[in-house]
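Comments concern the structure below.
All of the numbers you see were taken from the coordinates with simple rules; none came from a lab. Not measured: the values here are computed from a predicted model. Note that we place each Cβ from the backbone using ideal geometry, even for glycine, and neighbour counts take in every protein chain shown.
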Amino acid sequence: MRYLRQSTAAVIEVGPFIDDMDGKTLEEALTVASIDVQLMQPLDTAAVPPDLVTNGAFATSDWTENGWSISAGVANSAAAQDTNLDQTVSITENKAYEVVFEVKTRSAGSVTPILGTTSGTARSTLAIFTETIIAGSGSLIRFDAIGFTGTIDDVVIKQVPIPITPAASGSTNDMVLTQANTGTYWLELTANQVGILGRHKLTAFISGALIV
């Protein structure tokens, strides 16, 4: 089961649970199995988010190299250096961005993506990496080499919704979700099994200042 509704409410009630066989509200307590609830802060625009990086494929040099070098379609960090490859991008502090890049070659050290002042995960294996980073202050995407000898390629940065997991209370007829964050959020509720009582399938209804 999956719901997607917009809400400005601080408290959202999930329930009551309705028996699909007779349309009546379930009278006894029900534990909802395998439930995944998130509040998603919307994007700044309804359009498909653009790639914010210029020349993420390193076909030309639109980066500040700081000891790195760009050639043959990759960014190269040589001699196990500790330097930053960076570019100014249009990011907003406290917004979420999906950062994708590939470590194509490596013989030493690690490389870490940094968005604004927020560090991602240090990478020291060959793979295409994708992670969500909440941007810190500033306007740079940096790749921080820590004793890194190797190359990276295919950098892509796009804004994504911010996942916010609220506190959930109650595994009974009504479930209440509480979130202290201000602003407008999308409520996304996914349940692998809403609940089965005997042969009766149960459906959860969502209420609480929801906007369709």
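For segment 67-73, what does the Karplus curve 6.51 cos²θ - 1.76 cosθ + 1.60, with θ = phi - 60°, yield as ³J(HN,Hα) per residue in whole Hz, taken in order and with x for Gly and Pro?
x, 6, 9, 10, 6, 6, x
Neighbour counts of other C-beta atoms within 10 Å: give me Leu126, Leu140, Leu115 arranged from fewest to most.
Going from least to most buried by this count: Leu126, Leu140, Leu115.
Sort Asp144, Asp51, Asp154 by Cβ crowding within 10 Å, fewest neighbours at the top.
The order, fewest Cβ neighbours first, is Asp51, Asp154, Asp144.
For segment 92-138, just say rounded, prolate or oblate: build the C-alpha gyration tensor, square-root its eigenvalues into a ≥ b ≥ c, call rounded for a/c under 1.5, and beyond that prolate if a/b exceeds b/c, oblate if not.
It is prolate, given that a/c is not under 1.5 and a/b is the larger ratio.
In whole percent, what relative contact order does segment 51-94 give with Cα contacts below 8 Å and a gap of six or more residues?
Relative contact order for segment 51-94 comes out at 37 percent.
Counting only residues 5 or more places away or on other chains, whose amide H sits under 5 Å from the amide H of Val160 once H atoms are built in the peptide plane?
Here Ala96, Tyr97, Glu98 satisfy the definition.
Just need log10 I(q)/I(0) for segment 69-160 at q = 0.13, 0.15, 0.17, 0.22 Å⁻¹, Debye formula, equal scatterers on the alpha-carbon atoms, no solvent, rounded to two decimals.
-0.38, -0.50, -0.65, -1.05
Counting other beta carbons within 10 Å of each Cβ, put Val74, Val99 in order, fewest first.
Starting with the residue having the fewest Cβ neighbours, the order is Val74, Val99.
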